[in-house]
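Q: Let me begin by handing over the structure; questions about it come next.
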Amino acid sequence: MHGRNRTDIYPGLEVDIILKKDQRSGKLTRGVVKDLLTSASYHSRGIKVRLEDGQVGRVAQIVEED
């Protein structure tokens, strides 16, 4: 699932994000959402979040639980 809708993302959710420095390469960083930083309900490049470890980036995908 893509992370473009704010309603799909909440604190405690495991996600893959793209950090600003990794935008060109597309490298993903996995972590758990601490804060939502985008106030809009939708963002075409992904909702910006802060992970529990302090890293900030846009949600590329939501990790599906098996």
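Q: Can you name every residue in the stretch 40-66 that is touching a helix residue (DSSP H, G or I) at 6+ places or on another chain (Cβ under 9 Å) and free of Cβ contacts under 8 Å to residues at least 12 places away in the same chain?
A: none
Q: Read through the list (1) surrounded by 15 or more Cβ atoms within 10 Å (Cβ to Cβ); (2) of a type in the set (Lys, Arg); (3) assigned to a loop (DSSP other than H, G, I, E, B), then give the number of the only condition that ARG58 fails.
A: It fails just one condition, (3).
A quick yes/no check of all residues on (1) surrounded by 12 or more Cβ atoms within 10 Å (Cβ to Cβ); (2) in a strand (DSSP E or B); (3) under 10 Å from the mean Cα position of the chain (by Cα):
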site	(1), (2), (3)
MET1	yes, no, no
THR7	no, no, no
PRO11	yes, no, no
LYS21	no, no, no
SER25	no, no, no
VAL32	yes, yes, yes
SER44	no, no, no
VAL49	yes, yes, yes
ASP53	no, no, no
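Here, each number is a calculation from the coordinates, and none is a lab measurement. For clarity, every value in this text was computed on a predicted model and none was experimentally measured. Reconstructed Cβ throughout: ideal geometry from the backbone, glycine too, with neighbour counts over all protein chains shown.
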